[in-house]
Amino acid sequence: MREKRGILSRHNAIAKAIVYLLNDWAAFMAFLADGRICLTNNAAERELRSVARGRKAWLFVGSDRGGERAAMMYRLIGTARINGVDPLALLADVLVRI
């Protein structure tokens, strides 16, 4: 790839793709070594859509601390969904244990 990159113009689309991959080589090698690593961040972006849909309502969480708590809950629920866990069952179990 480095040899091919040296031949191509820096404005060439293939050259840009090669540079992008070479700049992120360590992450690419981690992806190849561990099949559980997702090549894209699509799952995380899908989880953020629900937050973006209600962003006007989230303006009124009451305070900065309220916003931090809401963000923590979104992270917890989003992580549960991504891992195939029912968020309601998770929260019910956690509250019972607390």
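The values are calculated or read from the model by the stated rules, or taken from the named source; none is laboratory data. Remember, predicted model here, so these are calculated numbers, not experimental data. Quick reminder, even Gly has a Cβ in these numbers, built from the backbone with ideal geometry, and neighbours come from all protein chains shown.
Below is a table of values for the structure above.
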read-out: Qualifying positions in region 30-44 - of a type in the set (A, V, I, L, M, F, W, C) and under 19 Å from the mean Cα position of the chain (by Cα); value: 30, 31, 32, 37, 38, 39, 43, 44
read-out: Identity of the residue in region 70-95, of a type outside the set (A, V, I, L, M, F, W, C) and at pLDDT 90 or above, that ends up surrounded by the most Cβ atoms within 10 Å (Cβ to Cβ); value: 87
